[in-house]
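Have a look at the structure below, then the notes.
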């Protein structure tokens with residue numbers, strides 16, 4: 001297999017991957033080898049006569065041998081490919097394709113063992129085969145089936161790809177278009193979600209649990225888990241494995257998992273690290289479908305052995321090094337943690353990597369009175385991830401609020417797709433852990449220098465609609481509001497207070513949180529004055545004065561919430577010495593509305609309150625009360641941004657004309673063939689690559705001598721006769737700092753002088769010069785891409801030119817960009833008003849700018865070998881968007897289909 005051919009995920013199938021069937025069973029998918037011949041032939045020969053006839057259109061047993069010969073004759077090539085599916089080492093399905101000579105179509109075949117029909121094996125194999133075929137440049141699958149073979153026709157029809165059928169006598173000819181679109185991705189996603197949820201049932205709704213490693217003496221982690229299971233009232237069957245003790249905490253013990261009277265759904269493993277893999281193997285052999293490993297300290301060998309055992313036996317795994325998990329459903333009452341207290345039952349799903357963070361979140365939620373539906377401590381996260389839990393909460397019928405603490409992401413793009421869907425149904429909150437870096441990584445471009453870890457994570461959260469907070473207290477503050485109050489309709493806030501200074505603090509906090517505190521005008525002012533004491537200030541903040549009473553405060557609150565002039569009200573109160581304005585009286589005005597009950601977003605700030613935040617019982621639900629105006633404003637800001645995100649339709653990735661992906665792929669492959677370790681493209685190759693994506697560039701010429709530079713200048717000079725010379729050598733990044741750019745050159749004499757200056761200063765280092773006409777005036781912008789090893793391609797945009805690194809006015813989004821992402825990129829930087837003409841020069845070509853960003857995004861998504869791309873400056877003006885300079889760096893990389901179903 002050549003390097004160019006070995007560039008897509010599905011040739012990665014030579015490394016076995018594991019995935020889930022429709023019923024949650026784990027299946028291993030790999031490429032066939034010559035020594036699989038007997039197994040493949042046996043799969044066919046074990047088929048019933050009817051299934052064999054449907055597969056081969058006849059009953060000849062020789063067909064099985066020929067099929068095995070064809071599939072196992074050697075490694076995959078661009079002309080043919082095949083995949084096997086195994087469960088616990090047993091072959092259960094095969095799929096293959098063979099390309100037509102000289103074409104981009106391939107005939108596809110599929111077979112599933114009789115005992116494994118209707119479990120999704122064929123569909124899963126086809127998904128992986130489609131990805132493999134796309135990597136080989138195949139665009140169409142064809143298949144012939146007997147018209148009576150309804151099962152295989154349904155498999156093709158349900159894939160989510162465009163399928164056409166043509167009946168030819170007793171046969172149906174199917175044509176499957178392999179173009180990946182949103183319909184196909186959604187179909188794959190739906191199948192993956194159903195399989196994922198099915199696989200988690202033994203883990204999160206176990207009918208029986210065994211604790212392996214519960215000691216006889218107090219202090220052991222296993223004993224603490226067993227205690228919580230018993231004291232929490234677990235309603236299933238509970239077992240203990242102990243090599244010597246007859247019973248632990250009153251639960252009859254068995255010496256091994258194999259000795260249990262029946263196979264438990266869930267095993268909680270709390271044994272020393274060196275024993276974990278052996279216990280997991282014992283559980284796997286006994287048929288246990290799920291493990292929670294609370295043990296810590298596994299070395300690399302022990303970790304690999306544990307995961308391999310879980311994959312081999314099809315066990316889902318939480319941990320190791322975790323706190324455990326809990327499900328508070330009153331039909332289950334499962335607390336398989338070693339936390340000090342039981343979680344409060346409720347509707348918030350919680351998933352954390354750190355056990356300490358989990359304990360803090362559970363405690364904080366309990367103080368707020370917010371109960372938990374499911375709690376999972378992911379620990380080192382070998383298998384079950386935050387993505388799994390989001391899908392569980394989406395379908396469990398109980399969870400309406402999701403809280404996450406994730407330090408790492410297994411597949412950020414898959415996580416992003418899941419999150420975008422789930423956040424439409426419920427708020428998803430996270431603590432943005434690991435935001436900082438000890439300095440930026442060494443980088444070869446402005447784009448890579450700007451692409452910090454913080455910016456990348458924030459892009460993921462923004463695009464997925466996730467509410468990201470900086471601290472656990474902020475997470476709890478926001479959860480209190482989202483759990484108790486309706487979302488505000490916008491970001492306009494009225495501040496209502498009985499103390500002028502408290503109102504000023506609250507107004508400042510709102511503005512700092514991205515909210516607006518509009519001046520109140522018109523009849524609303526008169527209405528407020530009529531219900532408040534004399535001397536009240538009603539412009540916003542509304543200072544009701546120290547003498548305000550319960551009835552007056554409540555009336556003002558009703559006026560504000562019914563006015564339509566604001567979207568939320570923040571009420572900031574302090575107790576006074578006035579007998580009619582005690583703290584309790586004023587709080588009562590908030591929790592007992594005087595007027596008609598209506599949905600309203602109201603938060604309280606009680607400056608004398610001891611607790612940071614609490615929920616007060618109110619007639620219209622619960623009212624969040626904060627001790628600090630910054631906390632209340634932050635929560636309101638998060639709520640307003642969530643409301644805005646929900647109000648906007650889901651974005652789409654627009655179709656682009658004039659894109660030549662095959663040519664771009666060939667250019668990249670050719671460069672890497674000449675430079676196996678990768679490196680920067682020279683200006684000629686860079687321009688060719690940008691041209692494949694229709695990215696507008698200023699005319700230019702490559703000149704390797706002084707005379708060539710003069711001739712190019714004469715050819716390219718504009719109406720004013722001026723040109724630019726740029727020195728070039730591999731690795732040059734900051735031309736201006738190196739004084740490798742000469743502007744505003746007129747005539748041959750100035751061009752020659754500039755070229756000689758470059759030769760004098762740079763000598764043999766300089767390879768050539770690039771000649772361009774002097775660009776017209778405009779706003780200098782920059783855009784670029786950096787491939788993040790975890791998150792995929794990140795597109796950056798902002799102010800360009802020599803100010804790029806100094807001002808750092810950038811925004812970023814993960815590719816592929818939707819139309820909404822592009823709009824956000826353009827409007828997010830501080831320089832955005834210039835683009836819309838607020839400097840009096842008129843707006844730049846915004847449509848052209850959107851096209852530029854979409855095309856850069858497409859290039860990044862198509863080419864995983866594109867490590868960095870830097871277009872700086874990009875000149876923006878009315879009616880034109882032009883890249884004046886560009887740098888691209890390539891490196892060998894294997895594409896990884898982020899949406900292909902597989903376990904990590």
- prompt: If you build the Cα gyration tensor of the stretch 9-179 and take the root of 5 times each eigenvalue, what three semi-axes come out, in whole angstrom, biggest first?
  reply: 21, 20, 17
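Short version: what are the Cα gyration tensor semi-axes of the stretch 244-330, square root of 5 times each eigenvalue, largest first, in whole Å? Let's see the in-between values first.
Working: eigenvalues 82, 48, 41 Å².
Here the semi-axes work out to 20, 16, 14 Å.
Could you check how many percent of all C-alpha pairs in the chain are farther apart than 49 Å?
Summing the P(r) tail past 49 Å for the chain gives 36 percent.
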query: Over the stretch 9-179, what relative contact order in percent results from Cα pairs under 8 Å that are six or more residues apart?
result: 19 percent
- prompt: When ranked by the protection proxy of mean other Cβ atoms within 10 Å per residue, highest first, what sequence do the peptides 83-96, 215-228 form?
  reply: 83-96, 215-228
query: Which FRET efficiency, nearest 0.05, do residue 274 and residue 673 yield, Cβ-Cβ r, R0 45 Å?
result: 0.40
message: Can you compute the modelled spin-label distance between residue 231 and residue 551, with each label point 7 Å from Cα toward Cβ, in nm?
response: 5.2 nm
- request: Using 0.36 nm per residue of separation minus the Cα-Cα distance, give me the extension gain between residue 263 and residue 777 in nm, one decimal.
  value: 177.5 nm
message: If packing is taken as the average count of other Cβ atoms within 10 Å, what order do 770-779, 242-251, 415-424 fall into, highest mean first?
response: 415-424, 770-779, 242-251
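Of the beta bridges DSSP finds with both residues in the stretch 490-631, what % are antiparallel, to the nearest 5? Could you put the intermediate results ahead of the total?
Working: 7 of 22 bridges.
Antiparallel: roughly 30 percent of the beta bridges in the stretch 490-631.
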task: Before rounding to the nearest 500, sum -39500 (n - 2.57) across all DSSP H runs of length at least 4 in the chain and divide by the residue total; then give [θ] at 222 nm in deg cm²/dmol.
output: -11000 deg cm²/dmol
- prompt: Taking a ≥ b ≥ c as the square roots of the eigenvalues of the Cα gyration tensor of the stretch 802-904, is the shape rounded (a/c under 1.5), prolate (a/b larger than b/c) or oblate?
  reply: prolate
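Fewest Cβ neighbours within 10 Å first, please rank 847, 558 accordingly. Don't skip to the end; give the middle numbers.
Values: 847 10, 558 19.
So the residues, fewest neighbours to most, are 847, 558.
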field: FRET efficiency, residue 299 to residue 521 (Cβ-Cβ, R0 60 Å, nearest 0.05)
entry: 0.30
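How high is the FRET efficiency from residue 366 to residue 534, r the C-beta distance, R0 56 Å, rounded to 0.05? Walk me through the intermediate numbers first.
Values: r = 45 Å, r/R0 = 0.81.
Efficiency at R0 = 56 Å is approximately 0.80.
Shape of the stretch 195-341 from its Cα gyration tensor (a ≥ b ≥ c, root eigenvalues): rounded if a/c is under 1.5, otherwise prolate when a/b > b/c, or oblate?
Numbers: a/c = 1.37, a/b = 1.13, b/c = 1.21.
Rounded shape, in that the Cα axes give a/c under 1.5.
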- prompt: Hey, rough spin-label estimate for residue 836 and residue 746, points 7 angstrom out along Cα→Cβ, what's it come to in nanometres?
  reply: 4.0 nm
query: Of the peptides 201-209, 170-178, how do they stack up when ordered by the mean number of other Cβ atoms within 10 Å, highest first?
result: 201-209, 170-178
- prompt: Between residue 656 and residue 705, what is the label-to-label distance in nm when each label sits 7 Å out along the Cα-to-Cβ direction?
  reply: 3.9 nm
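Under the classification rounded if a/c is under 1.5, otherwise prolate if a/b is larger than b/c and oblate if not, where does the stretch 490-631 fall, given a ≥ b ≥ c as square roots of the Cα gyration tensor eigenvalues?
Verdict is rounded for the stretch 490-631.
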- request: Can you tell me the relative contact order of the stretch 490-631? Whole percent, Cα pairs under 8 Å, sequence separation 6 or more.
  value: 25 percent
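Where a number appears in this text, it was derived from the coordinates with a stated rule and is not lab data. None of these values were measured; they are calculated from a predicted model. Here Cβ is always computed from backbone atoms with ideal geometry, including for glycine, and neighbour counts include all displayed protein chains.
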